[in-house]
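Undergrad: A single structure is presented below for examination.
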Amino acid sequence: MLQENSIKLSSSYAVASKVKDYSQLMKFNLTFMVVFSSVVAYLLVPGVEFDLIKVLLLFAGGLLVSGSANTINQIWEKNTDKLMARTATRPLPSGRMSETEAVIVAAVTGVAGFLVMGYCFNWLSAALSLFSLVMYGFVYTPWKKWNSLAVLVGGIPGAMPLLIGWAAGANNLSEGGWSLFAIQFLWQFPHFWAIAWIAHKDYTRAGFKLLPANGEPNKFTALQAVMYTLLLIPAGVAPYLLKITGGISAIVAILAGVFFLYRAINLYRKNDVPAARKLMFGSYIYLTIVQLAQLLDKA
């Protein structure tokens, strides 16, 4: 009896451990936030009403495609992940998972996500999902070692969930979808530079070039972050001007933009890691508040 219980506990632990590995491989926490953006854009399409089944299907399709892209990213970066403290414990660099298994996961999830988007929504959203996967997994990921333009390149797949969600609901790429895309595209620059500032030593050790100019965390980098957060303020009003959202969400976007801008100016003034960390957390606060306001204030 004790032996049977021991076997059951051992099996349960093995399953739980494998689930945790797949979650790390697909970066589930990050992917969830990305897919939430896609759902927001879908629900903002004029004429689209909340449908739990559709929302769950969009979540499933988005999680699968984003998970596949993140898995491809980790396959590419298996050796460099070993050099960084925050990534050394991932399944591939730690040796808990083989590269072959990761390739199978990436292929299965990618194909499944593409088919979910195509059959449950439309083939435009499926094509955009595939484009995003390819851009992130095969263009942005290797580019990170070439030069800091990787952030610009990575900003495209990073903002694609908004276009994907819009296309899933509207089956077109009209101004509304592009206005939502623009917000998340601009948002990524101060967001990624704040992260790259904090993890500068790790990234340098791994050979990643994500900060502008000479790749150093300095006043010039902070000034770039200020410029992009400043651009976010008018971009945040665009959905209201296009009659996608109401006036309340526009006011919220302006206030959140001013808050985000203040954090970027603070980084320029102090030029240190604590200020970069505040900017990073400020970026999460900005995006969450703006997207929730848009969702609750649909025109």
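Undergrad: Within the chain, which whole H helices from DSSP have a Cα span along their axis of at least 20 Å and a mean Kyte-Doolittle hydropathy of 1.0 or more, if any?
TA: TM-like helix candidates: 28-44, 52-76, 99-120, 150-170, 219-241, 247-270, 273-296.
Undergrad: Let me check against my output: what whole-number percent is the relative contact order of the stretch 9-151, with C-alpha pairs under 8 Å and at least 6 apart?
TA: 25
Undergrad: Another question, if that's okay. How much area per residue is accessible in the stretch 180-299 when the probe is 1.4 Å and only protein heavy atoms are counted (Å²)?
TA: That works out to 45 Å² per residue.
Undergrad: When every alpha-carbon pair in the stretch 194-299 is counted, what percent end up more than 25 Å apart?
TA: Here the tail beyond 25 Å accounts for 29 percent of pairs.
Undergrad: Let me ask something else about it. Can you give the translational diffusion coefficient of the chain in µm²/s, computed by Stokes-Einstein from the Kirkwood radius over Cα pairs at 4 °C and 1.567 mPa s?
TA: Taking Rh from Cα pairs, D becomes 64 µm²/s.
Undergrad: Which of the aspartates and glutamates could a cross-linker span from Lys18 if the Cα-Cα distance has to be under 20 Å and same-chain partners fewer than 8 positions apart are dropped?
TA: Answer for Lys18, where 20 Å is the Cα cut-off: Asp81, Glu99, Glu101, listed by chain and number.
Undergrad: Here's a follow-up. If the limit is 28 Å between Cα atoms, which of Lys27/Lys82; Lys243/Lys270; Lys27/Lys145; Lys54/Lys144 go over it?
TA: Listed pairs above 28 Å: Lys243/Lys270; Lys54/Lys144.
Undergrad: How many angstrom lie between the C-alpha centres of the stretch 223-258 and the stretch 111-154?
TA: Each part's Cα centre sits 26 Å from the other's.
Undergrad: While we're on this one: At 1.4 Å probe size, with the rest of the protein present, what percent of the exposed accessible area of the chain is carbon and sulfur atoms?
TA: 69
The values are calculated or read from the model by the stated rules, or taken from the named source; none is laboratory data. This one's a predicted model, so the numbers in the text were calculated from it and none came from an experiment. Ligands, DNA and RNA are stripped out before the accessible areas are found, and what is left, the full protein with its side chains, is counted by its heavy atoms. Shrake-Rupley method; radii C 1.70, N 1.55, O 1.52, S 1.80 Å.
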